[in-house]
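Visitor: Have a look at the structure that comes next, please.
The values are calculated or read from the model by the stated rules, or taken from the named source; none is laboratory data. Just so we're clear, the structure is a prediction, and the values are computed from it rather than from any experiment. As a convention, Cβ positions derive from the backbone with ideal geometry for all residues, glycine included, and neighbour counts pool all protein chains shown. Keep in mind that these areas ignore ligands, DNA and RNA; they rest on the heavy atoms of the full protein, side chains included. Shrake-Rupley method; radii C 1.70, N 1.55, O 1.52, S 1.80 Å.
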Amino acid sequence: MLFNSLKFLVFFPLVFMLYWALPHRARKYLLLAASYYFYMCWKPEFIVLILYSTAVDYFCALGMERRAEQKKLFLAVSLTMNLGLLFFFKYFNFFGATLTALCRAVSIPFSAPVLDIILPVGISFYTFQTLSYTIDVYRGKMKPEHDFLYFALFVSYFPQLVAGPIERAEELLPRLKAEHRFDYGRAAHGARLVAWGFFKKCVCAAYLGALVDKVYSNVGGYGGGAAAFATAAFALQIYCDFGGYSDIARGCSELLGVELTVNFKSPSFFSHSIGEYWKRNHISLTNWFQEYVYIPLGGSKKGFCRKIVNIWIVFFLSGLWHGAGWTFAVWGLLQALYISIEQVWARYRAVTPNKNQCGRCCGVLMVLRTFVLSCISLVFFRADTMADALTLLRAAVTGLAHPRAYLRDAYYLLLSDGAWAALFTVLSVAVLLAVDALDEKTDAMEAVGRLRPIVRYPLYAVFLVGMVLLIPKHASALFIYFQF
């Protein structure tokens with residue numbers, strides 16, 4: 001079920017009213033039933049996969065508690081079952097095609113089977129979430145959850161089931177089990193987050209996505225300026241699309257009294273380095289890889305060279321997590337390259353990439369540099385093939401030799417859907433930048449809530465009416481990260 005669908009606009013208010021009408025002891029049954037229904041609205045049969053992961057990790061964790069001498073065995077079972085499931089649905093055909101290509105390159109007559117597999121929505125997210133639970137139990141960081149229903153709710157909690165944030169059991173389980181009382185201030189904050197998330201997704205991402213799709217569906221039909229502009233637009237689109245989802249998820253959960261992790265902190269506008277970018281962008285995934293991959297590999301405790309190798313391993317895996325394709329792997333490796341260069345620069349030049357060490361002008365240049373580097377890598381993230389990515393990069397770079405034509409190409413792309421669409425695109429991004437700038441100083445949604453009622457309520461009305469009127473007809477209902 002999509003957040004931006006009429007079905008959800010009926011589903012969630014009904015869950016909200018029933019949740020607060022029921023006593024605490026009955027709420028877990030409601031939320032679990034609602035979560036399973038939410039997921040089954042797509043393909044009912046795939047609920048079996050969630051039940052499978054839930055059962056495997058629930059009993060493996062209990063096994064670790066009851067048979068401490070066999071903890072490694074139970075952890076191995078959990079890892080094998082969960083990662084095996086993820087590999088089959090997401091990577092079987094990818095690695096099969098890669099193996100076939102390698103065999104043909106050395107004249108070996110082999111063709112791996114190609115299976116007609118549908119990727120279950122959200123499998124990458126809930127697989128990582130359940131794995132973090134069993135690993136934490138194995139490490140002794142938490143005791144296993146004995147209530148199967150609460151654990152099942154932790155795995156399938158519908159606001160963050162499909163695209164995160166990826167929550168830790170030691171944080172989310174207590175929040176789900178706590179007895180919540182309705183708090184108007186928290187509910188109002190959640191409602192504002194939901195509205196802001198819809199604006200990001202349905203207005204900002206929709207207008208930007210239309211420009212991106214034009215260029216990336218016809219890579220040879222546009223000049224360098226259009227290629228560069230479309231890529232910059234995609235950097236903002238994916239932030240608005242995924243960040244919008246995260247805001248809606250957090251807002252809906254706050255309306256139910258449950259706090260979720262903040263997943264974005266204005267990565268596109270205020271990151272002074274790629275390292276800082278990954279502290280602001282998809283924060284829950286960054287933390288997951290740091291906690292369960294980077295640190296177990298040795299982190300930064302085994303020397304500088306080993307630290308760099310670990311960074312490359314983490315971002316290679318992160319790239320493949322995002323998609324079963326070499327374009328995603330290259331995107332991840334470029335992130336590793338950028339961070340490695342920053343680490344080497346900080347080590348050997350004694351220059352720490354810290355925004356407090358330079359003036360405002362220098363800070364703006366650092367943000368611009370980070371944005372450009374991020375855009376270069378995102379060409380591979382968005383392009384359908386390596387050939388398409390290289391074509392777009394070549395056009396964007398060679399086009400710089402003709403600055404007037406470069407700017408003209410970008411200008412014509414912006415106006416390709418008409419002057420009004422161009423105006424709405426610019427205005428929506430300007431509003432996004434203004435709110436993100438306010439978020440750097442304080443919680444923007446709380447700041448709005450502190451306004452006097454005579455100002456606040458007309459502002460709500462203008463925002464909601466304006467958002468509905470601005471939603472373009474071509475707006476895509478799907479969220480980009482649903483494919484991961």
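Visitor: If V372 satisfies all but one of (1) exposed (fewer than 13 other Cβ atoms within 10 Å of the Cβ); (2) without any contact (Cβ under 8 Å) to a residue 60 or more places away in the chain, what's the number of the condition it fails?
Guide: Tallying (1) exposed (fewer than 13 other Cβ atoms within 10 Å of the Cβ); (2) without any contact (Cβ under 8 Å) to a residue 60 or more places away in the chain, V372 fails exactly one: (1).
Visitor: Let me ask something else. For F199, only one of the following conditions fails: (1) within 30 Å of L49 (Cβ to Cβ); (2) surrounded by 17 or more Cβ atoms within 10 Å (Cβ to Cβ). What is its number?
Guide: F199 satisfies all of (1) within 30 Å of L49 (Cβ to Cβ); (2) surrounded by 17 or more Cβ atoms within 10 Å (Cβ to Cβ) except (1).
Visitor: Specify which of the listed residues (G190, G220, G197) is at negative phi and within 18 Å of the chain's Cα centre (by Cα).
Guide: Of the residues listed, the single one that is at negative phi and within 18 Å of the chain's Cα centre (by Cα) is G197.
Visitor: Continuing with the same structure: For the range 245-269, what are the residues that are hydrophobic (A, V, I, L, M, F, W, C), part of a helix (DSSP H, G or I) and closer than 15 Å to I283 by Cα?
Guide: If the condition is that a residue be hydrophobic (A, V, I, L, M, F, W, C), part of a helix (DSSP H, G or I) and closer than 15 Å to I283 by Cα, then A249 is the only one that fits.
Visitor: Tally up the residues in the range 407-427 that are within 17 Å of D213 (Cβ to Cβ) and either touching a Leu at 6+ places or on another chain (Cβ under 9 Å) or hydrophobic (A, V, I, L, M, F, W, C) (or both), please.
Guide: Selection size over the range 407-427: 10.
Visitor: Please state which of the following conditions Y222 fails to meet, knowing it meets all the rest: (1) touching a His at 6+ places or on another chain (Cβ under 8 Å); (2) open to solvent by 20 Å² or more (accessible area, probe 1.4 Å).
Guide: (1)
Visitor: Taking the conditions exactly as written (surrounded by fewer than 21 Cβ atoms within 10 Å (Cβ to Cβ), hydroxyl-bearing (S, T, Y) and over 30 Å from L176 (Cα atoms)), does Y348 satisfy them or not?
Guide: yes
Visitor: Turning to a different aspect of this structure: Can you find a residue that is surrounded by 13 or more Cβ atoms within 10 Å (Cβ to Cβ), among the aromatic types (F, W, Y), in contact with a Phe, Trp or Tyr (Cβ under 8 Å, 6 or more places away or on another chain) and at pLDDT 95 or above anywhere in the range 45-54?
Guide: no
Visitor: Quickly run through the range 443-462 and pick out the residues that are touching a Lys or Arg at 6+ places or on another chain (Cβ under 9 Å), open to solvent by 30 Å² or more (accessible area, probe 1.4 Å), under 26 Å from F270 (Cα atoms) and not hydrophobic (A, V, I, L, M, F, W, C).
Guide: E446, R450
Visitor: Quick check on my filter: what residues within the range 414-442 are touching a residue at least 12 places away in the same chain (Cβ under 8 Å) and open to solvent by less than 60 Å² (accessible area, probe 1.4 Å)?
Guide: Residues satisfying the conditions are L414, S416, A421, F424, T425, S428, V429, L432, V435, D436, A437.
Visitor: I'm checking my understanding of the structure. Among residues of the range 270-295 that are among the small types (G, A, S) and outside any helix (DSSP H, G or I), which one is farthest from L161 (Cα to Cα)?
Guide: S273
Visitor: In addition: Answer yes if at least one residue in the range 226-244 is part of a helix (DSSP H, G or I), open to solvent by 10 Å² or more (accessible area, probe 1.4 Å) and acidic (D, E), and no otherwise.
Guide: For the range 226-244, residues part of a helix (DSSP H, G or I), open to solvent by 10 Å² or more (accessible area, probe 1.4 Å) and acidic (D, E): absent.
Visitor: Being surrounded by fewer than 17 Cβ atoms within 10 Å (Cβ to Cβ), aliphatic (A, V, I, L, M) and out of contact with any strand residue (DSSP E or B) (no Cβ under 6 Å at 6 or more places or on another chain) narrows it down to one residue among M64, M17; which is it?
Guide: After ruling out the rest, the residue left standing is M17.
Let's see how each residue does on (1) surrounded by fewer than 23 Cβ atoms within 10 Å (Cβ to Cβ); (2) within 17 Å of L260 (Cβ to Cβ):
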{"site": "I123", "(1), (2)": "yes, no"}
{"site": "F128", "(1), (2)": "yes, yes"}
{"site": "L131", "(1), (2)": "yes, no"}
{"site": "D136", "(1), (2)": "yes, no"}
{"site": "G140", "(1), (2)": "yes, no"}
{"site": "L153", "(1), (2)": "no, yes"}
{"site": "G164", "(1), (2)": "no, yes"}
{"site": "D183", "(1), (2)": "yes, yes"}
{"site": "A187", "(1), (2)": "yes, yes"}
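Visitor: Taking into account only those residues within the range 310-340 that are open to solvent by less than 20 Å² (accessible area, probe 1.4 Å) and part of a loop (DSSP other than H, G, I, E, B), which is farthest from P120 (Cα to Cα)?
Guide: G325
Visitor: Among (1) open to solvent by 40 Å² or more (accessible area, probe 1.4 Å); (2) part of a helix (DSSP H, G or I); (3) β-branched (V, I, T), where does I117 come up short?
Guide: (2)
Visitor: Let me ask something else. Do you know which residues across the range 1-54 are out of contact with any Cys (no Cβ under 8 Å at 6 or more places or on another chain), charged (D, E, K, R) and not in a loop (DSSP other than H, G, I, E, B)?
Guide: Matches in the range 1-54: R25, R27, K28, E45.
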